[in-house]
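Chemist: Please see the structure below; I have some questions.
Any read-out appearing in this document is the output of simple, stated calculations on the displayed coordinates, not a laboratory observation. Being a predicted model, the structure only gives us computed values, none of them experimental. For neighbour counting, all protein chains shown are included, and Cβ atoms are generated from backbone atoms with ideal geometry for every residue, glycine included.
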Amino acid sequence: MNYQWYPGHMTKAKRMMQEDSKLVDLIIELVDARIPMSSRNPDIDEIGKNKFRVILLNKADLADDRGNALWTGYFKEKGLFVQEVNARLGKGIKNIQPLVQEACREKIERDRKRGIINRPVRAMVVGIPNVGKSTFINAFAGRACTKTGNKPGVTKGKQWIRLNKNLELLDTPGILWPRFESQKVGERLAMIGSINDEIIHADELAVAVIGFLQDKYPKLLEERYQIALNENAYKTLEEICIAKRCFLKGETPDMMRASRLVVEDFRSGKIGKITLEYPEEWQ
Ligand code: G4P
């Protein structure tokens with residue numbers, strides 16, 4: 001598979017992120033729970049090196065419970081504050097405020113010693129496209145949408161959402177560019193839909209999804225489509241095509257339609273809760 005790559009976008013995003021990060025104490029980084037490492041941009045460690053950090057395993061509803069637990073342990077071990085989230089349904093959101101306070105304890109203590117009480121922690125949300133940043137900001141800030149900033153005369157003022165007296169959130173998320181370090185990572189990003197579909201052949205992607213599922217979650221695949229699996233993933237796709245009656249005129253199999261169906265079913269969780277990568281691969 002071939003992925004497009006825009007160095008110009010990357011440089012711009014990085015510059016913006018570096019600027020914005022100067023304004024905050026804490027970085028809330030969203031990753032996709034199905035591919036927590038492949039959906040992470042390692043440059044965030046450099047950009048956020050003097051910041052407090054929280055990592056959210058978003059779309060935890062689409063990932064395997066065992067995978068979520070293992071990844072939570074993995075990030076905790078690395079000294080990060082971590083939480084599983086389903087931003088769409090608002091699950092896990094209520095645990096974030098206490099987590100933020102815990103992550104920033106050092107700053108809060110430092111302020112207190114200097115006699116500064118109740119200076120809010122300033123935070124920003126970052127992540128690669130489509131990871132759920134806007135959905136999360138809406139769920140997290142939801143009702144508490146008192147916007148501050150943008151004072152008259154200040155042209156480039158930032159908008160802050162004041163959640164309460166302890167926390168302010170930059171209202172525009174930081175966009176991180178996906179990592180493209182290997183074929184494997186690119187393929188996983190494509191599977192979850194983080195790479196523009198127009199540049200990837202649907203059937204190649206469907207075969208990659210089926211190949212993975214046959215290996216790791218064969219039962220889920222069989223149950224979803226009521227088919228017998230074939231060792232060859234393309235042949236399994238053909239089976240699915242027939243089972244789902246994806247036909248062109250004259251009962252000619254419409255493999256492209258079947259491919260889009262499989263990919264869509266996978267992305268929306270219809271096949272089941274699936275984790276594409278585990279910590280053991282990323283030690
Ligand atoms: P972004 O700002 O990081 O680019 O992502 P955004 O919030 O736009 O979310 C991208 C897609 O992911 C949206 O779906 C959103 O609903 C979905 N999403 C976000 N968080 C979660 C989650 O925790 N679980 C699940 N299952 N989905 C989540 P969409 O199809 O683009 O839009 P829509 O169908 O919600 O309208």
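Chemist: Using a Cα-Cα cut-off of under 23 Å, which lysines could be cross-linked to residue 244, ignoring same-chain neighbours fewer than 8 residues away?
Modeler: 216, 219, 235, 270, 273
Chemist: Now, a different point. When DSSP assigns beta bridges and you keep just the ones with both residues in the stretch 8-171, what percent turn out antiparallel, to the nearest 5? Display every interim value, and only then the final one.
Modeler: On the way: 9 of 27 bridges.
The antiparallel fraction comes to roughly 35 percent.
Chemist: On to the next question. Here are some pairs, 12/158; 14/184; 91/165; 59/249; 12/165; which of them have Cα atoms lying more than 29 Å apart in this structure? Provide the component values of the computation, followed by the final result.
Modeler: Details: 12/158 18 Å; 14/184 24 Å; 91/165 23 Å; 59/249 38 Å; 12/165 33 Å.
Where the Cα-Cα span goes over 29 Å, the pairs concerned are 59/249; 12/165.
Chemist: Tell me the relative contact order for the stretch 14-167 as a rounded percent, counting alpha carbon contacts under 8 Å between residues six or more apart. Each step should come with its number before you reach the end.
Modeler: Details: 220 pairs, mean separation 39.2, N = 154.
Over the stretch 14-167, the number comes to 25 percent.
Chemist: In the neighborhood of residue 224, defined by Cβ-to-Cβ distances under 9 Å, what is the net charge if each Lys or Arg adds +1 and each Asp or Glu adds -1?
Modeler: Details: positive: 270; negative: 222, 223, 265.
Residues near residue 224 contribute -2 overall.
Chemist: Around residue 105, with a cut-off of 12 angstrom between Cβ atoms, what is the net charge of the other residues, counting Lys and Arg +1 and Asp and Glu -1?
Modeler: -2
Chemist: May I pose another question? Counting alpha carbon pairs within less than 8 Å and at least 6 residues apart, what relative contact order, in whole percent, applies to the chain? Please report the intermediate quantities before stating the final value.
Modeler: Details: 451 pairs, mean separation 60.8, N = 283.
So the answer I get is 21 percent.
Chemist: Classify the stretch 1-135 from the C-alpha gyration tensor, please: rounded if a/c falls under 1.5, else prolate or oblate depending on whether a/b exceeds b/c.
Modeler: Numbers: a/c = 2.05, a/b = 1.25, b/c = 1.65.
Oblate, because a/c is 1.5 or more while a/b does not exceed b/c.
Chemist: When the helix-only estimate is applied to the chain (DSSP H runs of n ≥ 4, each -39,500 (n - 2.57), divided by the residue count), what is the mean residue ellipticity at 222 nm, nearest 500 deg cm²/dmol?
Modeler: Details: 11 runs with 116 residues, N = 283.
Roughly -12000 deg cm²/dmol at 222 nm, from the helical runs in the chain.
Chemist: Along the charge dipole of the stretch 201-276, Cβ charges K/R +1 and D/E -1, which of 213, 229, 275 sits furthest on the positive end?
Modeler: 275
Chemist: Which percent, to the nearest 5, of DSSP beta bridges fully inside the chain are antiparallel? Intermediate values should be presented prior to the final figure.
Modeler: Values: 10 of 30 bridges.
Counting DSSP beta bridges with both partners in the chain, the antiparallel share is about 35 percent.
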